[in-house]
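Heads up, the thing below is written out as structure tokens.
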Amino acid sequence: MTTPASPDHAEPWYLLGAGNMGLLAAHYLQRAGFTVIALRRDDAPTLERTLLLPSGGPVPLQLLCERATPAPTRPTPIRRLVVACKAPFSAAALSGLPLAADATVLRLQNGLGSLDGLLPAGARRVEVVSASAVKRDGDAHRVVAENDTWMGESAAPGGPAAAEPPAWFGPLARHWPKLHWPDDFRHRQWRKLVGNAVINPLTGLHDVANGHIFEDPALAAEAEQLAREADRVLTALDPTWPGDSLPGVRALADATAGNTSSMRADMQAGAVTEIDAINGWLQRQADVLGLDLPAHRRLVAAVKARHP
Ligand code: KPL
């Protein structure tokens, strides 16, 4: 079911990164009546994928591809862009892209800061935090869980409250299950960040499922130190940060106990990891604040030593 086109639907969304989460976002955008154009390196006319939704059978997903799309459907410069590639590929993926000076960019990636310095000064960056889970299943992409997704523009700590949602948000939220624009977006984003900063490198380095961390006393102690260090930085950045991340991290590890974290999967595949956008972001904030994060420092070094 799609929504009839309105003037706001005339502007297509371009998609950078047609992986699990990028395809899910493209599916919801299409359901809401938006045209989605995939940015690909090849000359294929369309991108054909299959989504397996929890609520039903296979859903064919067909996206136009940029190089094969005629100019009236493919306006340039690009005014709306979803960035769903892995964080470390952002700079290469965005390089040379004709982005409008006031483009809207939806960032659907783990970690923080991966688009810093890469967008035009007037771009509107909307950050996305999702608890949904999508996995490759043979040739298809299985949506394991359609959980809450939050969008927002993180105001600087101590700055004004986050802005009102853009006009396209309402139509999209009618077709993207459990999509929210919360007032406390930054804290939600940070909670996800801390979860990733504890679970991802520990599961990657020890090659264990998420639930194993709190079953192993040594890993649980490491997790506690990582959460404490993250809280120290985040509280220094924003005194309203509750500073009690460990129970949330534990709940996330329990809720995803059988999962292979994205960093474990990357390390198993010998692929570049998102450590710089996750623990590295915390470390960079700590450096500016003059704080030391020994547990994060050790983990960043250990992950990079295995997969430079
Ligand atoms: O987001 C995740 C990831 O693996 O990147 C978690 C929540 C840890 C689930 O595996």
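Odds and ends about this structure:
- Cα gyration tensor category, rounded, prolate or oblate, for the chain with a/c compared to 1.5: prolate
- Kyte-Doolittle at least -1.0, axis length at least 27 Å by Cα - qualifying DSSP helices, the chain: 185-206, 217-237
- Extreme residue, positive dipole direction of the chain, given options 270, 247, 198 (C-beta unit charges): 270
- For the stretch 7-183, the relative contact order comes to 21 percent (Cα pairs under 8 Å, sequence separation of at least 6).
- If the segment from residue 228 to residue 291 were pulled out straight at 0.36 nm per residue, it would be longer than the present Cα-Cα gap by 21.4 nm.
- Cut-off under 5 Å, modelled amide H: who pairs with residue 134 long-range: 144
- Global form of the stretch 228-308, assessed from the alpha-carbon gyration tensor, a/c cut-off 1.5: oblate
- Bridge type composition, the chain - antiparallel percent by DSSP, nearest 5: 45
- Sequence of 49, 284 when ordered by accessible area, the most exposed leading, probe 1.4 angstrom: 284, 49
- Calculated mean residue ellipticity at 222 nm for the chain: -11000 deg cm²/dmol, from DSSP H runs with n ≥ 4 weighted as -39500 (n - 2.57), summed, divided by the residue count and rounded to 500.
- DSSP bridge orientation in the stretch 59-140 - percent antiparallel, rounded to nearest 5: 10
- Approximate spin-label separation residue 46-residue 268, in nm, with each point projected 7 Å along Cα-to-Cβ: 3.3
- Between residue 144 and residue 167, the simple label model (points 7 Å from Cα in the Cβ direction) yields a spacing of 3.9 nm.
- Averaging Cα coordinates gives a centre for the stretch 21-76 and one for the stretch 259-293; these two points are 30 Å apart.
- In the chain, taking the dipole from charged Cβ atoms about the Cα centre, the farthest positive-side position among 57, 237, 185 is held by 57.
- Mean Cα-pair separation over length for the chain, i.e. relative contact order, pairs under 8 Å, 6 or more apart, %: 14
The values are calculated or read from the model by the stated rules, or taken from the named source; none is laboratory data. Bear in mind that the values here come from a model prediction, so they are computed numbers and not experimental data. Note that each Cβ is placed from the backbone with ideal geometry, even for glycine, and that neighbours are counted across all protein chains shown. Just the protein is used for accessible areas: all its heavy atoms, side chains included, with ligands, DNA and RNA removed. Shrake-Rupley method; radii C 1.70, N 1.55, O 1.52, S 1.80 Å.
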